[in-house]
Amino acid sequence: MFEKAFVGGKKYWGLILFWSVFIVIGFLCYLWQLKVGLKLTGMSRDVSWGFYIAQFTFLVGVAAGGVMVALPYYFHNYKKFGRIAVLGEFLAIAALVMCLLFIFVDLGRPMRVLNVLLHPTPHSVMFWDMIVLNGYLLLNLIIGWTVLDAEKNGVAPPKWVKPVAYLSIPWAFGIHTVTAFLYCGLPARGFWLTAIMAPRFLASAFAAGPALLLILCILVRKYTKFDPGKEAIQTLGKIVAYAFIVNIFFLLCEVFTTFYSHIPEHMNHFKYLFVGLHGHGKLVPWMWLSAALAVVAIILLAVPATRKQEDVLVVTCMLVFISTWIDKGLGLITGGFIPNPLEKITEYWPTFPEVMITIGVWSVGFLVLTVLYKIAISVKEEVRA
């Protein structure tokens, strides 16, 4: 089926070229970072995880969000998701590729990535994060490619696929739970030291992942002959609505507990993010933008009349995705470091090379996604021809 990736129209090759340009720019900036070191970034002694790890954290959620298609389809035989199941699996693959690349570029010496294999430390959460991420990538590759190949040949998938698909569902919960444990397992960081971190991660994942998948389904229907199905899109919209509302509820629970109990080491992080602290507040406009987008999105999702209008639904899913990205891709990581355990404030903002490397990694992911979707849609169009 790989040959289908080398056949396409002007729009397809134009998209490939578009992603390639940003990949080259990002790679050149990475070579600059590799030569100069991480001092090229905005990170410091007090803020040792920056834009790269923030993107990693967010994208783990996007990858895990695909389970909201797999769970109804494989567990409950919801046939309407049959058309888009492979699209969800391929989205997870692209997201996981980006996750692994962000870890790679975050390392000052990239060859140190081999240490987790050469010197495994099972008592470390990072070791288990490596296991679950690579395992989930492998599971989605096996399931997605095998099911698509069976569809191409007009036969039923092998019987062993369903047990593997069943395994991928708890594994999806595991990848974001283990990632949450990376943060809430650090007792010196009061912002992350909360039992609700893993539930918040999962709720945001089950909102952002399906939101992006819904947008992609609409784009696929608009620019190809493949129709993912109106009912499948509407069901995705409901999943996004419920998950996003639960995510905001968890956040409000944490805010109430923090401020009602007057926990200083937790309160100061929220203050820094939303009102500023001791004259510092680079992220304040961004966090209020995230909050405003969330409020608008919830209103549009909660009203069936607006949710059923696909144009409005697409815009709403964009709002959900952007709001969640600001919350996890900017606020969560940076906010956890500011102030530090000694109440010192060292602000962080990504540098231009850091941003371009980030855009380059995102472009790699979307290039992978474009190629995988081209293969999948070509097969589905042939089958239905």
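Just so it is clear, none of the values below were taken in a lab; they were calculated from the coordinates. These numbers come from a predicted model, not from an experiment. Reconstructed Cβ throughout: ideal geometry from the backbone, glycine too, with neighbour counts over all protein chains shown.
Relative to the longest principal axis of the Cα atoms of the chain, helix 125-152 runs at roughly 20 degrees. Using helices alone, what [θ] at 222 nm do you get for the chain, with -39,500 (n - 2.57) per DSSP H run of 4 or more residues, divided over all residues and rounded to the nearest 500? Mean residue ellipticity at 222 nm (helix-derived): -23500 deg cm²/dmol.
For the pair region 324-353 and region 220-275, the centres of their Cα atoms are 19 angstrom apart.
Basic side chains Lys and Arg get +1 at the Cβ, acidic Asp and Glu get -1 at the Cβ, and with that the dipole of the chain about its Cα centre reaches some 680 debye.
The alpha-carbon positions of region 183-310 define a convex hull whose volume is 128 Å³ per residue.
Each of SER363, SER20 was scored by other Cβ atoms within 10 Å of its Cβ. Listed from fewest to most, they are SER20, SER363.
Along its first, second and third principal axes, ordered by size, the chain spans 65, 51, 41 Å in Cα coordinates.
Size estimate for region 243-306 follows the Kirkwood approach: the inverse of mean 1/r over distinct Cα pairs works out to 13.1 Å. In this structure, the pairs whose alpha-carbon distance is over 26 Å, taken from LYS11/LYS328; LYS10/LYS80; LYS10/LYS328; LYS238/LYS328; LYS80/LYS222; LYS225/LYS308, are LYS11/LYS328; LYS10/LYS80; LYS10/LYS328. Once the Cα atoms are used to define both axes, helix 197-223 deviates from the longest principal axis of the chain by about 40 degrees.
Please report, to one decimal in angstroms, the Kirkwood hydrodynamic radius of region 71-156 built from all distinct Cα-Cα pairs. Could the numbers behind the result be given before it?
Working: mean 1/r = 0.0664 Å⁻¹.
Every distinct Cα pair counted, the radius reaches 15.1 Å.
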